[in-house]
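Novice: Here it is, the structure in full.
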Amino acid sequence: MPSVPRFALLVLVWLAAPTRRPESPAPPCRGSEEPAGPRMAGIRVTEVDWQQLRNGAAHHTQEYPGPELVVRRGQIFTITLELNRSLDSEETFIFTVETGPQASEGLRTKAVFQTSTSELQVGDAWTAVKEAQAEDTVTVSLASPPNAVIGRYLLSARVSSRRKHSDRKLGEFVLLFNPWCPEDDVFLASEEERQEYVLNDSGIIFRGVEKHIRAQGWNFGQFEEDILNICLSILDRSPSHQNDPATDVSHRHDPIYVTRAISAMVNSNNDRGVVQGQWQRKYSGGTSPLHWRGSVAILHQWFKGRFKPVKYGQCWVFAGVMCTVLRCLGIATRVVSNFNSAHDTDGSLSVDKYVDSFGRTLEDLTEDSMWNFHVWNESWFARQDLGPFYSGWQVLDATPQEESEGVFRCGPASVAAIREGDVHLAHDGPFVFSEVNADYITWLWNEDESRERVHSDTKKIGRCISTKAVGSDSRVDITGLYKYPEGSRKERQVYRRAVKKLFSVEASGRRARVRRASGRGLWRDDLLQPAAKPSITGKFKVLEPPKLGHDLRLALCLANLTSQAQQVQVNLSGATILYTRRPVAEILHESHKVRLGPEEERKIPITISYSQYKEDLTEDKKILLAAMCLVTKGEKLLVEKDITLEDFITIKVLGPAVVGMAVVVEVMVVNPLLERVEDCVLMVEGSGLLRGQLSIDVPSLEPQERASVRFNITPSKSGPRQLQVDLVSPHFPDIKGFVIIHVAKAK
């Protein structure tokens, strides 16, 4: 097992002795005439060595920087106690561990146990054994059960003898989940995956569109200063804890309970959670979601601000923060991106979009939506409530989209259950199933308030479901974990199974009906009927790479599939959009009449100048084009194209990176605009490479000028480290980049 102990501070906790009083002879024991001898004098612990270096290496917790011991449940840890006198052979230690308020043995938040002479084994209860004794020093090993409550514990001890001694508080330690323990519900068998999903403090979040996926670095920073304490505070700030703290703490042995609580607390909708969401481009009084480079600054701001929600976040921010919290608590967790992600507001397992004759989305009628991408988390643990088939990866989503049992949270939903269409199982199966497998239906809304079904696509939703590869920065497509191959017989069977379970016959005997914004309803059977295929096809083709600050040049390519000529009315529209595909401003609106000869193909050129979109381009740098094609015989064809504008930044490390030694980093930036820009800044961040964030002014840049900026970093930790560099400007959206730096240990 690859395990590289970090240099850790060995902390000795000195416990002050009580004020000495004049000694008086001890009363004789009942039934005995013999007074107590000198060896019966009071015994007490004068010093505790928590053996943080040894325990940290054994428990994979040496990266936590705090002064207190951090260990994992279901595993032995060792401490050394120095006494005011040596321990007699008949004397033993009686330990007490307790966590949370009103700790009790009945709630399993308190345990009292004594040292034994037999070999120490991990079992269903706390145990201890005396390993060695040298004069006044005793080494003791303790073990917690693999289903112990996680959190901060107080450890006390007294000596069992004929004389009564009170418990002495030895100090506090933190107990975490243990993916290395086979008996723990969070056990993960692969050491490579444990290194990636528990111990890696940086990662990659995939954003963009299905045809243009981009990687964004993220600093999880679960081992940074105070982060563990903040993560435990998140649990203590939950409404469940505020209402009944003793009961809440007693449930913290269960990863299902803990992850569901964290899912609710990472957003601020029902409580004073960590992050406040904002999708309206109004970021005054806070930070734009795209300006965050990691979780550390967010968690510190929330904690130091006395639990005031941090402004602002969107899906990748919620997922990044939750990944930090769960990895910090010891649960293997990864970030997952779903492209063409459905937001099904009514649980119909379909996304219904209403458009006008130019293909523009009618927001007042369209309640469902399909986001360019959506980011959530998966955590690995057993589902004791569902059975072993449903154990493994579980979907968790902290983005506040829909309420679950009255609270904005989502999951854990078993990925295996989603793949099989078992949407009736806990938790939030229908919503997650829709996100990856809903049918996409487009309706043309006419002026007389009638509607026509113009498009039905069973393959559009849930594309390129992605996560970072284990041990590398490449993208892994995990779509096959969520569903069978699109269009396959098995995939359609699963979809019908899910629909049947969701729309079961009601007690009254009436079929469930789905209400729509139009006031009309859809029967369950209607969801399975495909739209009629038109006799023409169309697609947008990008003629030049779409670059930020440049004109866009495309063509709409139409093809007649029949042997007869056809007249087509083409209504074109374009809009800048958010990544949720919500339109911000219209930038294109034009019509064309096209005659298509038998089996003829034609191209309609389209140009959108930079001046048309620059004022309304969002930080997502996305544009949506639509063409509603009206054929003479009444057929309709809707063609859409999502465009993400490209940008440029490169990062190089000029020399070997070694712990404690400065190394030069060179960043090459480009002004993407055809105009001079000033007031640009490089924002730099990286756990183990920098303390906090670094801000570097960039000289003014001429139109399309390339410039090199150099600065020094001094790594503090070895191993692969992620350095993030963003070019921030008031003239264009942030340009983000990152590089992995392999830092060697100092010789």
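The values are calculated or read from the model by the stated rules, or taken from the named source; none is laboratory data. On a predicted model such as this, the values are computed, not experimentally measured, just so you know. Here Cβ is always computed from backbone atoms with ideal geometry, including for glycine, and neighbour counts include all displayed protein chains. Protein only, heavy atoms only, side chains kept; ligands, DNA and RNA dropped before computing areas. Shrake-Rupley method; radii C 1.70, N 1.55, O 1.52, S 1.80 Å.
Novice: How many percent of DSSP beta bridges within the chain run antiparallel, rounded to 5?
Specialist: Numbers: 164 of 184 bridges.
Restricted to the chain, the bridges split so that about 90 percent are antiparallel.
Novice: Rounded to the nearest 0.05, what FRET efficiency do Lys282 and His589 give with R0 = 25 Å and r taken as the Cβ-Cβ distance? Could you check? Numbers along the way, then the final one.
Specialist: On the way: r = 26 Å, r/R0 = 1.03.
Here the calculated transfer efficiency is 0.45.
Novice: Now a separate question. Taking 7 Å along the Cα-to-C-beta vector as the label spot, tell me the Phe711-Lys533 distance in nanometres, rounded to one decimal.
Specialist: 5.6 nm
Novice: What percentage of the solvent-accessible surface of the range 341-426, computed with a 1.4 Å probe over protein heavy atoms, is contributed by carbon and sulfur atoms?
Specialist: Working: 1300 of 2540 Å².
Carbon and sulfur together cover 51 percent of it.
Novice: Per the helix-only calculation at 222 nm, which mean residue ellipticity applies to the chain, given -39500 (n - 2.57) for every DSSP H run of n ≥ 4 and division by its residues, nearest 500 deg cm²/dmol? Intermediate values should be presented prior to the final figure.
Specialist: Values: 13 runs with 106 residues, N = 747.
Calculated mean residue ellipticity at 222 nm is -4000 deg cm²/dmol.
Novice: Could you work out the relative contact order of the chain, using alpha carbon pairs under 8 angstrom and six or more residues apart, expressed as a whole percent? Walk me through the numbers before you get to the answer.
Specialist: Numbers: 1814 pairs, mean separation 60.4, N = 747.
It rounds to 8 percent for the chain.
Novice: Name the residue from Ser350, Val186, His212 whose Cα lies farthest towards the positive end of the charge dipole of the chain, charges +1 on Cβ of Lys and Arg and -1 on Cβ of Asp and Glu.
Specialist: Final value for the positive-end residue is Ser350.
Novice: Would you please give the residues with an amide H less than 5 Å from that of Gly74, counting only those at least 5 places away or on a separate chain, with H modeled from the backbone geometry?
Specialist: The answer is Ser144, Ala148.
Novice: Continuing with this model, one more query. Please name which of Leu69, Ala657, Pro545 has its Cα lying farthest along the dipole of the chain towards the positive end, using unit charges on Cβ (Lys, Arg +1; Asp, Glu -1) and the Cα centre as origin.
Specialist: Pro545
Novice: For the chain, with every protein chain kept in place, what is the accessible area per residue (1.4 Å probe, Å²)? If you can, show how the numbers build up before the last one.
Specialist: Working: 32140 Å² over 747 residues.
Normalised by residue count, the accessible surface of the chain is 43 Å².
Novice: Can you give me the distance in nm between label points at Thr247 and Arg497, each placed 7 Å from the Cα along the Cα-to-Cβ direction?
Specialist: 3.6 nm
Novice: Compute the label zone of Glu210 within the range 632-672: residues whose backbone N is under 14 Å from the point 7 Å along Cα-to-Cβ.
Specialist: 639-643
Novice: Further question: Report the gain in length on full extension from Arg272 to Gln133: 0.36 nm times residue separation, minus Cα-Cα distance, nm rounded to one decimal. Mind showing how you got there, number by number?
Specialist: Numbers: separation 139, 0.36 × 139 = 50.04 nm, distance 4.98 nm.
That works out to 45.1 nm of additional length.
Novice: How much of the accessible area of the range 625-724, probe 1.4 Å, is carbon plus sulfur, in whole percent? It would help to have the intermediate numbers written out before the result.
Specialist: On the way: 2230 of 4360 Å².
Summing carbon and sulfur atoms, their accessible area is 51 percent of the total for the range 625-724.
Novice: Once you place label points 7 Å from the Cα toward the Cβ at Ser472 and Gln121, how far apart are they in nm?
Specialist: Those two pseudo-labels are separated by 4.4 nm.
Novice: Rank-order 104-111, 144-151 by packing density, defined as the average count of other C-beta atoms within 10 Å over each peptide's residues, highest first. Before the final figure, lay out each step's value.
Specialist: On the way: 104-111: 16.4, 144-151: 22.4.
Most protected by this proxy first, the peptides run 144-151, 104-111.
Novice: How do 327-333, 700-706 rank on mean C-beta neighbours within 10 Å, highest first?
Specialist: 327-333, 700-706
Novice: Same structure, new question: Using a simple charge model, +1 on the beta-carbon of Lys and Arg, -1 on the beta-carbon of Asp and Glu, nothing else, what dipole does the chain show about its Cα centre, in debye to the nearest 20? Each step should come with its number before you reach the end.
Specialist: Values: 91 positive and 94 negative charges, 120 e Å.
Roughly 580 debye for the chain.
Novice: Another question, if that's okay. Ordered by packing density, taken as the mean number of other Cβ atoms within 10 Å over each peptide's residues, highest first, how do 644-657, 200-213 rank? List each step's numbers first, then the result.
Specialist: Values: 644-657: 15.9, 200-213: 20.8.
Peptide ranking by packing, descending: 200-213, 644-657.
Novice: Follow-up. Can you pull the percent of the range 103-167's accessible area that's carbon plus sulfur, 1.4 Å probe, other chains left in place?
Specialist: Numbers: 1420 of 3340 Å².
For the range 103-167, the apolar C and S fraction of the accessible surface comes to 43 percent.
Novice: Length gain on complete extension for the stretch Leu543 to Glu675, per 0.36 nm per residue less the alpha carbon to alpha carbon distance? Can you show the working numbers first?
Specialist: Working: separation 132, 0.36 × 132 = 47.52 nm, distance 2.38 nm.
Roughly 45.1 nm would be gained on extension.
Novice: Rounding to the nearest 20 debye, state how big the charge dipole of the range 185-225 is about its Cα centre with +1 on each Lys and Arg Cβ and -1 on each Asp and Glu Cβ. Don't jump to the answer; show the numbers that get you there.
Specialist: Details: 4 positive and 9 negative charges, 89 e Å.
Charge dipole of the range 185-225: 420 debye, to the nearest 20.
Novice: Using +1 at the Cβ of each Lys and Arg and -1 at the Cβ of each Asp and Glu in the chain, identify which of Trp126, Pro239, Gly42 lies farthest towards the dipole's positive end.
Specialist: Going by the charge dipole, the pick is Pro239.
Novice: If the cut-off is a Cα-Cα distance under 26 Å, which lysines reach Lys130, setting aside same-chain residues fewer than 8 apart in sequence?
Specialist: Lys130 reaches Lys110, Lys164, Lys169.
Novice: If I take R0 = 45 Å and measure r between the Cβ atoms of Ile696 and Ala189 in this structure, what FRET efficiency does the formula 1/(1 + (r/R0)^6) give, to the nearest 0.05?
Specialist: Values: r = 44 Å, r/R0 = 0.98.
Efficiency, rounded to the nearest 0.05: 0.55.
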